[in-house]
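So the structure is just underneath, and the comments pick up after that.
The values are calculated or read from the model by the stated rules, or taken from the named source; none is laboratory data. Since this is a predicted model, take the numbers as computed values, not measurements. Here the Cβ positions follow ideal geometry from the backbone for every residue, glycine too, while neighbour counts run over all protein chains shown. Calculation scope for accessible area: heavy atoms of the full protein, side chains included, ligands and nucleic acids excluded. Shrake-Rupley method; radii C 1.70, N 1.55, O 1.52, S 1.80 Å.
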Amino acid sequence: MSIDAITAVDDSAATALTEEEIFGAHQGGKLSVTTTAPLSNKRDLSIAYTPGVAEVSRAIHKQPELARTLTWAERLVVVVSDGTAVLGLGNIGASASLPVMEGKSALFKTFGDLDSIPLVLNTSDVDEIVETLVRLRPSFGAVNLEDIAAPRCFELEEKLIEALDCPVMHDDQHGTAVVALAALTNAAKVTGRALDSLRVVVSGAGAAGIAVAEILLAAGTSDVVLLDSKGVINSTRADLAGDSTSKKADIAGRSNPRRVTGGPAEALAGADVFIGVSSSKLEEAHLALMNQDAIVFALSNPDPEVLPEVAVKYAAVVATGRSDFPNQINNVLAFPGIFRGALDAGARRITPAMKLAAARAIAELASEDLSADYIVPSPLDPRVAPAVTAAVAAAAEAK
């Protein structure tokens, strides 16, 4: 598909959605299970089920590793949520989160050709979720954590990575971070800057904000300043000093090399980049404090921290999380290929190197047609998932 064709498809998203259209599409859910084996006669039934299936079960009992090839488990992703941080809706519970998780599973199949099932849990207790997934481990091959509130999402991901021998990733953290890095890589090129020379301000120190800061530091961008509701995060702030357990305290010791203090005005003075991953609004007066040809990623959905028509007065490159503006920073560019690449390579972990490889692959796809309004490929670009899959698999195999 050409870029022009993809753009034409994208433009259709700007048409106003109707309630009838939305609810009609969700009647009965968005997923179904189909068979891969024929069941048209008695012989088919004898092969797919009894008595033939008993031979397969006996074989797996003798050689458990055969389950990887004789069942779907090793290629099955479970999309797990407790419903505590769903889109912009907040803590709406497991049942209300299910339509979102069904959508995520549909994206896995469409863009990564991976089977996936949603698994929503009526508990927010980290240890209970870990225990549940450990007990279910024979039934799946990877875990995509979704819409789990910070700071529990950090603890949950870390505990699951230790407890399970399969890829685990909280997409709200790392999917956002990977695509943001890809976009920033190309935005830096458009504005004639080097990635490692940028002064970056990240507004929001929750799941996405911490992950964005982490991947930027890993990519060589050392001047990263984070903001939360109390202002600039730094190691001398009273509420963080001496706290050796929180993610904010940890990132405070590895970011903000100029020891900036204060609030948004102090953070944005002389900054090259603003990345918003919170519901906080960015004042126009603060935008004016940034360097010339600034880069603004206002990624809060559905309402960006600053509207593009305001941001372009001061910024050379503007991105949002929305499909009706140029430069959509969309997680679907990353997660299908990341999981597919990890599973193709037989990886037991999704590593920082694999995430960096995914970001490079996404950035490279937009490099030939790079412009201020085109710094990442469209989420519907059919080249994306295969490119990310190959890059992540290569990174996994290179360890």
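The lysine pair count for the chain, using Cα distances under 15 Å and pairs eight or more places apart or on different chains, is 6.
For the chain, the fraction of 1.4 Å probe accessible surface lying on carbon and sulfur atoms is 54 percent.
When you restrict to C-alpha pairs under 8 Å that are six or more residues apart and normalise by the size of the stretch 58-175, the relative contact order lands at 29 percent. As a ratio to 2.2 N^0.38 Å, the alpha-carbon radius of gyration for the chain is 1.03. Between 0 and 90 degrees, the angle of helix 126-136 with respect to the longest Cα principal axis of the chain falls at about 30 degrees. With a simple spin-label model that places each label point 7 Å from the Cα along the Cα-to-Cβ direction, the separation between T36 and S279 comes to 4.3 nm. Cα convex hull, the stretch 31-171: 121 Å³ per residue, rounded to a whole number. Between H26 and A398, the simple label model (points 7 Å from Cα in the Cβ direction) yields a spacing of 4.2 nm.
For the stretch 125-259, the convex hull drawn through the C-alpha positions has a volume of 117 cubic angstrom per residue.
Residues whose amide H lies under 5 Å from that of A319, counting only those 5 or more places away or on a different chain, are V296, F297, A298; hydrogens are built 1.01 Å from N in the peptide plane. Modelled spin-label separation between R43 and R254, with each label point placed 7 Å from Cα along the Cα-to-Cβ direction: 6.0 nm.
Per residue, the average separation of C-alpha pairs within less than 8 Å and at least 6 apart gives the chain a relative contact order of 15 percent.
Using a/c under 1.5 as the rounded threshold, could you call the stretch 326-370 rounded, prolate or oblate? The axes a ≥ b ≥ c are square roots of the C-alpha gyration tensor eigenvalues, and prolate needs a/b larger than b/c, oblate otherwise. Prolate, because a/c is 1.5 or more and a/b exceeds b/c. Divide the volume of the convex hull around the Cα atoms of the stretch 288-358 by the residue count and you get 116 Å³ per residue. Residue separation of S222 and L89 scaled by 0.36 nm, minus their Cα-Cα distance, works out to 44.6 nm of gained length.
Ranked by solvent-accessible area (1.4 Å probe, protein heavy atoms only, all chains present), the residues S246, S124 order from largest to smallest as S124, S246. Taking each residue as 0.36 nm, the span from D196 to R68 lengthens on full extension beyond its C-alpha to C-alpha distance by 41.9 nm. In whole percents, the pair-distance distribution calculated for the stretch 206-297 from its alpha-carbon pairs, binned every 5 Å from zero, is 3, 13, 25, 27, 20, 8, 2, 0. Under conditions of 20 °C and 1.002 mPa s, the stretch 22-90 yields 135 µm² s⁻¹ as its translational diffusion coefficient, taking Rh as the Kirkwood radius over Cα pairs in the Stokes-Einstein equation.
Summed over qualifying helices (DSSP H, 4 residues or more, each -39500 (n - 2.57)) and divided by its residue number, the chain shows a 222 nm mean residue ellipticity of -12500 deg cm²/dmol. Per residue, the stretch 9-135 exposes an accessible area of 66 Å² to a 1.4 Å probe, with every protein chain left in place.
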